[in-house]
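K.L.:
One structure, pasted below without further comment.
The values are calculated or read from the model by the stated rules, or taken from the named source; none is laboratory data. Given the structure is predicted, the values throughout are model-derived calculations rather than measurements. Positions of Cβ are backbone-derived with ideal geometry, glycine not excepted, and every protein chain shown enters the neighbour counts.
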Amino acid sequence: MDIKPIYVTFEQAKLLKEKEFDIICSQCYAEERLIDKKTGGDLYTGIYRMCTKSRFHKRYYYAPEQHIVVEWLRVKHGIWVEIRYLDDVLNFGYIVTTIKNNTEQKEKYNYNSPQEAYSAAFDYILKEMI
């Protein structure tokens with residue numbers, strides 16, 4: 001079994017940067033291509049580019065794995081993201097809970113995988129909550 005990392009989308013990476021996500025990641029987006037920071041290689045085309053912290057202005061965006069974003073949301077914003085599997089309909093959903101002065105909760109289901117549900121939760125949180 002080969003478990004592969006799941007990174008945020010390019011749009012999510014841009015939103016994270018706007019929301020002051022500043023955790024250095026092993027991957028980054030430059031324009032719309034995912035870059036490997038260790039080798040500077042473009043993972044889609046094999047073109048090599050430099051991707052360092054000093055170049056993270058304008059066109060470069062950190063591309064964290066989904067689990068990093070879940071923890072960042074919890075620690076920095078007090079937002080808990082939970083994924084659930086519904087046996088009766090055989091699909092996944094997310095529950096987003098904010099614990100501050102009062103509890104805000106949002107649920108949505110009908111996703112084919114946990115990764116798809118996490119991605120949808122990130123879209124909701126980054127566009128609507130913070």
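K.L.:
In this structure, does residue 95 turn out to be buried (at least 16 other Cβ atoms within 10 Å of the Cβ) and modelled with pLDDT under 90?
P.N.:
Answer is yes for this residue.
K.L.:
Looking at segment 98-122 only, could you name the residues that are touching a Ser or Thr at 6+ places or on another chain (Cβ under 7 Å) and loosely packed, with under 14 Cβ neighbours inside 10 Å?
P.N.:
103, 104, 105
K.L.:
Considering only residues that are modelled with pLDDT under 85 and part of a strand (DSSP E or B), which ones fall in segment 74-92?
P.N.:
Of everything in segment 74-92, just one residue is modelled with pLDDT under 85 and part of a strand (DSSP E or B), namely 86.
K.L.:
Let me ask something else about it. Run down 71, 11, 18, 65 and say which single residue is surrounded by fewer than 19 Cβ atoms within 10 Å (Cβ to Cβ), touching a Phe, Trp or Tyr at 6+ places or on another chain (Cβ under 7 Å) and either closer than 19 Å to residue 120 by Cβ or at pLDDT 90 or above (or both).
P.N.:
Sole residue among the options that is surrounded by fewer than 19 Cβ atoms within 10 Å (Cβ to Cβ), touching a Phe, Trp or Tyr at 6+ places or on another chain (Cβ under 7 Å) and either closer than 19 Å to residue 120 by Cβ or at pLDDT 90 or above (or both): 65.
K.L.:
Kindly check whether there is at least one residue in segment 23-41 that is under 21 Å from residue 130 (Cα atoms) and either surrounded by 12 or more Cβ atoms within 10 Å (Cβ to Cβ) or at pLDDT 75 or above (or both).
P.N.:
Within segment 23-41 (the criterion being under 21 Å from residue 130 (Cα atoms) and either surrounded by 12 or more Cβ atoms within 10 Å (Cβ to Cβ) or at pLDDT 75 or above (or both)), the answer is yes, since at least one residue qualifies.
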